[in-house]
Amino acid sequence: MDERTREELIAENALLRERVSALEAEVETLRSLLSMGGNGSSAVPFVKPNRAQRRQGERGRRKKRKHSFVRKRDIATEEVAHALDRCPDCGRKLSGGYEHARRQVIEIPETPVRIIDHVLIARRCGVCKKVWIPKLGIADGVVGKMRLGVNLMSLIATLSVAKRMPQRMVQRLLEGLYGLKISVGEISEVLHRVSEWSKPMVCEILSSIRGSPDVNCDETGWREDGINGYLWSVSTGSERFYYFHRRRASRIIRHILGGKFGGVLGCDFYSGYDWYLGPKQRCWVHLLRDLAKLVEGHSSVNEWAEMVKGIWKAAKKVARRADLGDEVRLRLRERLQTKLLWLAQSYAADKDCPQHVLAKRICRYLPELFTFVEHPQVAWHNNAAERAIRPAVIARKVSGGTRSARGSQTKTRLMSVFATWALQGKQPIAACAQMIISSHTPAHSAAK
């Protein structure tokens, strides 16, 4: 290294030392400021707490639980013990031991399908010289001339209706799980037979709905053999009934409910429900949805829409109060109707204002918007019917509808019984098997 290069390095080193000294002085100054709170005071600098710290401060100290909330072990059907026979290090034989831990695994059995041959043995009586052959019935697991058993038919109906699986998917599932090869035509015939056996239960469901204090109705499009029709739904808290017809007219729902119904009819603003002269509750959800669309297109009606929502919220508060008598509820209902009529009456007469259509609808169905105030057990919406009709909409998108009048009848009957079992909290396969057995018992046949 020459003399000139050495001098340059010494100068550069001295310069770096000066910079390091300046930086150290700056660090010390910052530390002193932080220790004083940043503004010369002795306060601790503010540090924004994270979400966990904020929640801990809001909730305070967590209470000690009486017991843990871990997943409970299921009751074991079998037990397999695992132990090492020899030491992995030295190879010595091991014996005895104690239970260290348990590991629970849930598995399904690989069970082949049971194919039962019922052999009928004929025997001759030595006294009367007659030949006697036993008769097979539901007690033997035989249903009419069907070659499928009760549990298998119940499984097919559940997969097709409750789980909305196409028939070919049901066919593949049965072949994959049990090795059972069954044709699509036989699956279709099973559904038709189960539908016939469910007819008494469907009649009971419809009779119970007609005697209910309140029902919810709705309809949706359905196709039969490529032709458009309508699927009607009538629901209560524990029953559901479906009916298909080519028309969307008031006489259809009048035929479903019959002349015995006298409760509150929950529905949307379709004029087909106007035939019913009893108390009705129109769906506020439909009205509020159209109100939101109106505000999106015309911001000038925002204030008017908020006033309508305010009346609706006030009506809900009144309906939730359990300490009000019938006379007070009736008086509050009339007061709410008067306020809403005052909001809508002027706009209903003016065809040029944006809220003319909704205001006219409010004036037309005004008494039917506040029935839930006088009858608090009635919902202010029609969500029960909307939820009842949604599975049918999904099934229609998957299958496209039904292909015959018999198929539509089978579909609606099975949808009625399976939807009712779901509302009642019953297991569909077991409930369907019980229905098939009940329809073939001697007592039921005699009553029929």
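The values are calculated or read from the model by the stated rules, or taken from the named source; none is laboratory data. The model shown is predicted, which means the values in this text are computed figures rather than measured ones. All Cβ positions, glycine included, derive from the backbone under ideal geometry; neighbour counts span all protein chains shown.
Scanning segment 388-398 for residues that are without any contact (Cβ under 8 Å) to a residue 12 or more places away in the chain and surrounded by 12 or more Cβ atoms within 10 Å (Cβ to Cβ) yields one hit, Arg390. Among the residues of segment 165-185, count how many are surrounded by 15 or more Cβ atoms within 10 Å (Cβ to Cβ) and either of a type in the set (Phe, Trp, Tyr) or outside any loop (DSSP other than H, G, I, E, B) (or both). Counting residues in segment 165-185 that are surrounded by 15 or more Cβ atoms within 10 Å (Cβ to Cβ) and either of a type in the set (Phe, Trp, Tyr) or outside any loop (DSSP other than H, G, I, E, B) (or both) gives 6.
Among the residues of segment 381-415, those identified as of a type in the set (Val, Ile, Thr), more than 10 Å from Ser233 (Cα to Cα) and part of a helix (DSSP H, G or I) are Val393, Ile394, Val398, Thr410. The set of residues from segment 353-374 being crowded, with 19+ Cβ neighbours inside 10 Å and not in a helix (DSSP H, G or I) comprises Gln355, Leu369, Phe370. Taken as a whole, segment 147-164 holds at least one residue that is modelled with pLDDT of 95 or more and of a type in the set (Val, Ile, Thr).
Taking each residue of segment 399-425 that is touching a residue at least 60 places away in the same chain (Cβ under 8 Å) and on the phi > 0 side of the Ramachandran plot and looking for partners that are surrounded by 14 or more Cβ atoms within 10 Å (Cβ to Cβ) and small (Gly, Ala, Ser) with beta-carbon atoms closer than 9 Å, six or more apart or interchain, yields Gly401/Gly229; Gly401/Ala395; Gly401/Gly407; Gly401/Ser408.
Here is a yes/no grid of residues against (1) of a type in the set (A, V, I, L, M); (2) loosely packed, with under 10 Cβ neighbours inside 10 Å; (3) at pLDDT 85 or above:
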{"residue": "Gly37", "(1), (2), (3)": "no, no, no"}
{"residue": "Gly40", "(1), (2), (3)": "no, yes, no"}
{"residue": "Pro45", "(1), (2), (3)": "no, no, no"}
{"residue": "Glu58", "(1), (2), (3)": "no, yes, no"}
{"residue": "Asp74", "(1), (2), (3)": "no, yes, yes"}
{"residue": "Leu84", "(1), (2), (3)": "yes, yes, yes"}
{"residue": "Pro88", "(1), (2), (3)": "no, yes, yes"}
{"residue": "Arg92", "(1), (2), (3)": "no, yes, yes"}
{"residue": "Ser95", "(1), (2), (3)": "no, yes, yes"}
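On the given criteria, is Thr420 in contact with a Lys or Arg (Cβ under 6 Å, 6 or more places away or on another chain), surrounded by 14 or more Cβ atoms within 10 Å (Cβ to Cβ) and farther than 13 Å from Ala162 by Cβ? When the stated conditions are applied, Thr420 does not pass them. Of the residues making up segment 111-128, none is closer than 21 Å to Ala433 by Cα, more than 24 Å from the chain's Cα centre (by Cα) and part of a helix (DSSP H, G or I).
Applying the condition of being surrounded by fewer than 19 Cβ atoms within 10 Å (Cβ to Cβ) and touching a helix residue (DSSP H, G or I) at 6+ places or on another chain (Cβ under 7 Å) to segment 131-159 and asking which residue is nearest to Tyr242 (Cα to Cα) yields Asn151.
Note on segment 165-179: among residues that are charged (D, E, K, R) and closer than 21 Å to Thr111 by Cα, the one that is modelled with the highest pLDDT is Arg172. Of the residues making up segment 203-234, those that are within 22 Å of the chain's Cα centre (by Cα) and either surrounded by 14 or more Cβ atoms within 10 Å (Cβ to Cβ) or not in a strand (DSSP E or B) (or both) number 14. When Ala162, Ala101 are checked against the criterion of being out of contact with any strand residue (DSSP E or B) (no Cβ under 8 Å at 6 or more places or on another chain), within 26 Å of Phe418 (Cβ to Cβ) and either in contact (Cβ under 8 Å) with a residue 12 or more places away in the chain or exposed (fewer than 10 other Cβ atoms within 10 Å of the Cβ) (or both), a single residue qualifies: Ala162.
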